[in-house]
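The values are calculated or read from the model by the stated rules, or taken from the named source; none is laboratory data. Because the structure is predicted, anything quoted here is derived from the model rather than measured. FYI the Cβ positions are ideal-geometry reconstructions off the backbone, even for glycines, and counts take in every protein chain you see.
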Amino acid sequence: MPGNHAFLSPSSSVRWYFCPPSARLCEQFPDQGSVYASEGTEAHSLCEVLLKSALGMPCVDPRPSLQYYSPEMEEAAEGYVQYILEKVERYKAESPGAEPSVFVEQGLDLREYIPQSMGTADCVIIAGDTAEIIDFKYGMHPVPATSMQLRIYALGACEVFSHLYDFTRVRMAVYQPRLHSVDETEMTVADLYAWAVNELSPRARQAFDGVGEFACGDWCRCCRARRNCRALADYQLEIAKYEFASPATLSDEEIADVLSRVDALASWAEDVKEYALAEALKGHSYPGFKVVESRTKRLFTDDEAVAARVKKAGKEPYETKLLGVKAMEDLLGKKAFAELLSDLVTRPEGKPTLVPDSDKRPELITADKEFA
Ligand code: SF4
């Protein structure tokens, strides 16, 4: 969904829903964007055009102006189009004679439930008693179809289409090609409106008015205030209480608590460091700290001149290295890679890693554990 920057946007809804005052707080910090966001926006443009083209709608090829275009992006967009076309065919088969309506990059009106908010759905299909909202995600962070963003899109689609079509249920689907994941769910329109009235709308009002309780959670990752937020700092530093007990005295529950929070703590600490450096470079001072040049490695100033002199001295200045698996797959394309090299690819055993129970990988049964 390119270009959605509403104050209470659906894409940031999980943050302002659970931490309503974050919405006004974030206004104080610029949106610095990221390579991933730009890449996602470009992948969406490609999806839009390929889908419109497949549906016979007018469109302009965006490829010449895409900075992050790659064979992987092309493949992802083609897969998305295929997924939608198959859905349309399925709807046709379910209701012969009734042509499904397909809307690409459909504007959504959310203002009745979220002040001043509009949105755009990647694709909406309306067929028989169903309105389906499909969202393309190019990122690597898993997004379930039950996410708040999808539900809000479904609500926006109901607002736009329910007076034109007679559907009673909404389906929500997330197509996430880089995770090889498709997730789908559904609910009745009546349940969706009950949620919107009783839960979404009061939270959105709080967020708009800048009131309510600060609440930390996974959503802090994408909050522009995360490096300055006192609630998050207090939450992250709670872990420091364990510093006063030696590891041998920590209970299993305390160690599990540290394990569940240490990654977020490390990433938050890096964020704060990055922010403080940027501010210091602008002239801000932090007590006890100064900016210095980091240590660097020596570099050649002219690679060709170096190579010429080393060759003249009778030595070989270059090394030849085989491309890595991913780079080779990018070079050949997935199909040719599989045909040519699949029997020469293996995956070495990974190092044991402690992860939460929710991780999809099967548990590693060590010899000690089996014996116990
Ligand atoms: S960092 Fe987390 S707790 Fe702080 S304002 Fe943002 S979402 Fe709320």
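Side notes on the structure shown:
- Checking each residue in region 261-320 for being over 26 Å from Tyr242 (Cβ atoms) and among the β-branched types (Val, Ile, Thr) picks out Val291, Val292, Thr296, Thr301, Val306, Val310, Thr320.
- Condition check for Gly107: part of a strand (DSSP E or B), on the phi < 0 side of the Ramachandran plot, surrounded by fewer than 17 Cβ atoms within 10 Å (Cβ to Cβ) and assigned by TED's automatic domain parsing to the domain that holds Pro202: yes
- Any hit, region 264-279, residues being more than 30 Å from Ala207 (Cβ to Cβ) and without any contact (Cβ under 8 Å) to a residue 24 or more places away in the chain: yes
- Of note, Arg224 satisfies the criterion of being part of a loop (DSSP other than H, G, I, E, B), within 20 Å of Pro21 (Cβ to Cβ), basic (Lys, Arg) and in contact (Cβ under 8 Å) with a residue 60 or more places away in the chain.
- Entirely in region 260-372, the helices (runs of 4 or more DSSP H) that have 3 or more residues that are under 27 Å from Gln236 (Cβ atoms) and of a type in the set (Gly, Ala, Ser): none
- Options Leu250, Leu265: the member that is outside the structural domain of Ile152 (by TED's automatic domain parsing), within 16 Å of the ligand (Cβ to nearest atom) and aliphatic (A, V, I, L, M): Leu265
- Selection within region 73-87 - crowded, with 18+ Cβ neighbours inside 10 Å and over 16 Å from Val174 (Cα atoms): Met73
- Residue that is nearest to the ligand (Cβ to nearest atom), among those in region 11-31 that are touching a residue at least 60 places away in the same chain (Cβ under 8 Å) and assigned to a loop (DSSP other than H, G, I, E, B): Cys19
- The residues on offer are Leu50, Leu8, Leu85, and the sole one that is under 23 Å from the mean Cα position of the chain (by Cα), part of a helix (DSSP H, G or I) and touching a residue at least 12 places away in the same chain (Cβ under 8 Å) is Leu50.
- Qualifying residue in region 54-63 (condition: farther than 28 Å from Cys222 by Cα, surrounded by fewer than 20 Cβ atoms within 10 Å (Cβ to Cβ) and out of contact with any helix residue (DSSP H, G or I) (no Cβ under 9 Å at 6 or more places or on another chain)): yes
- Residue within region 184-206 that is more than 16 Å from the ligand (Cβ to nearest atom), part of a loop (DSSP other than H, G, I, E, B), farther than 28 Å from Asp31 by Cα and under 21 Å from the mean Cα position of the chain (by Cα) present: no
- Residues (within 23 Å of the chain's Cα centre (by Cα) and near the ligand (Cβ under 6 Å from one of its atoms)) located in region 216-232: Cys216, Trp219, Cys220, Cys223, Ala225, Arg226, Cys229, Leu232
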